[in-house]
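Please read the structure below before turning to the comments.
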Amino acid sequence: MKRNFHLLIIAFIACSCGQQSKMQTQDGAMLLSPIGETQNVVDITPYVEDVNIILIKDTIGNLVADVTKMVIDNDENIFIIGNMTPLTALKKDGSPHRQIARRGRGPREYIRIEDIALSEDKKELLLLDGVRVRCYKITDSLYYREIEPKISLPFDGIASATEGGVFLFNTYPPNLKDLQKENPMLYLIDRDGNVNGEFVNREDISFTIANITQGKNSYLLRPQNNNNVVWRMVGDSIIPAFEIDFGAENIPKSYYFEQAEQNLGKYMSAPYYKLPIYFHESGKFLYFKAADATTEHNYLYNLDTKNGIRWVDVPTDRSTIMMMGADESYFYYIVQPMALLDYDTVAEHGAMQRFIVNKIKEEVAQYNLIENPLIVIIRFKL
């Protein structure tokens, strides 16, 4: 189910067109109205200050097939996982970091990684592996600990909490018949596995895609209902960080259950903006992605001015270039080799696709022989 939902939501993902302003927002959240506050662009070049291309070098026998999650530590080390890619740790130049964890059934090994995060001090890598959290010191191969939550739920998202604890996210209840019950989705678990908090009641359909992303010195939980509130996990609590306002074009409450009749295709093709996703922060900039019934939109905000730009992705480019992470200065894109090999210079392409592909072709010799994805990092200016 998780894989199918991943493919479906990548095909659509949520945002933009006619708008009405809100007078109020969730307490403390920054209200963003993308339709009126961003301008559509077809050329990214004027908004780029710097670009670096990172080639993923020998990954100790592991070919990086895909990337579903990326986190970046204070030393710019990059940690990635994928549906078919084991945990891969890279230095900032793309060369291998030491092997922090192995897949297997032995001591300290993981079986299947649902999600990854960094500890509050960014010194530990946290792996959500089924019913437990495995904690590895990034610079000390002898250090290891586990957290076994004292609650049995199919968790699929993780973020760090205070004093060695974690937040764990549960997209689907154990019994799918309970999807419409307002049970908590986010749990605060201390280092001993005790449940110390419950947050964000389930109200509408959700997906196991990019629920939690790495923000600025914290983690962000993307919207889980039509209020479009983005939550920031800080210490042992959550606070509203942003609220995305699509005005009259926002999808109605409980649309999936009440109007789409629990038909995913009908829900995704509805003429509304839904489920903003892939939230990343770099310096004063915020990026997220969303889609209407037919078009994927990318949004880049300057949070100081509350203005920004937006650009669209076209269907032929879908899933080959994805924003996956950020640090204080750069946004990190994963570029699949097929984005280069299958690029048709005559066909229509999205603005970011054109910019990144042309930049790689200009700067990377024999780009057509590359097997691993590339990482392109971009510093924007607005």
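The values are calculated or read from the model by the stated rules, or taken from the named source; none is laboratory data. These numbers were taken from a predicted model, which means no experiment stands behind them. Virtual Cβ from ideal backbone geometry, glycine too; neighbours counted across all protein chains shown. We work out accessible area using only protein heavy atoms, side chains counted, and drop any ligands, DNA or RNA first. Shrake-Rupley method; radii C 1.70, N 1.55, O 1.52, S 1.80 Å.
Structure values in brief
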read-out: Answer residue from segment 130-142, given it is touching an Asp or Glu at 6+ places or on another chain (Cβ under 8 Å) and open to solvent by 30 Å² or more (accessible area, probe 1.4 Å) and is nearest to residue 278 (Cα to Cα) among those; value: 130
read-out: Residue identified as open to solvent by 10 Å² or more (accessible area, probe 1.4 Å), within 21 Å of the chain's Cα centre (by Cα) and over 20 Å from residue 278 (Cβ atoms) among 87, 126, 179; value: 87
read-out: Cross-chain or 6+ apart pairs with Cβ under 8 Å, segment 258-280 first and farther than 30 Å from residue 71 by Cα, then of a type in the set (Ser, Thr, Tyr) and assigned to a loop (DSSP other than H, G, I, E, B); value: 269/294
read-out: Single residue of 94, 106 found to be more than 28 Å from residue 302 (Cα to Cα), in a loop (DSSP other than H, G, I, E, B) and open to solvent by 10 Å² or more (accessible area, probe 1.4 Å); value: 106
read-out: Any chance residue 54 is closer than 22 Å to residue 218 by Cα and surrounded by 15 or more Cβ atoms within 10 Å (Cβ to Cβ); value: no
read-out: Search result, residues across segment 232-244 that are out of contact with any helix residue (DSSP H, G or I) (no Cβ under 8 Å at 6 or more places or on another chain) and in contact (Cβ under 8 Å) with a residue 24 or more places away in the chain; value: 233, 237, 238, 239, 240, 241, 242, 243
read-out: Filtered residue count, segment 290-307, keeping only those that are open to solvent by less than 10 Å² (accessible area, probe 1.4 Å) and either modelled with pLDDT of 95 or more or of a type in the set (Phe, Trp, Tyr) (or both); value: 5
read-out: Residue among 26, 39 that alone is open to solvent by 30 Å² or more (accessible area, probe 1.4 Å) and at pLDDT 95 or above; value: 39
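Yes/no per residue for (1) in a loop (DSSP other than H, G, I, E, B); (2) among the charged types (D, E, K, R); (3) open to solvent by 20 Å² or more (accessible area, probe 1.4 Å); (4) at pLDDT 95 or above:
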position: 225; (1), (2), (3), (4): yes, no, yes, no
position: 266; (1), (2), (3), (4): no, yes, yes, no
position: 275; (1), (2), (3), (4): no, no, no, no
position: 280; (1), (2), (3), (4): no, no, no, yes
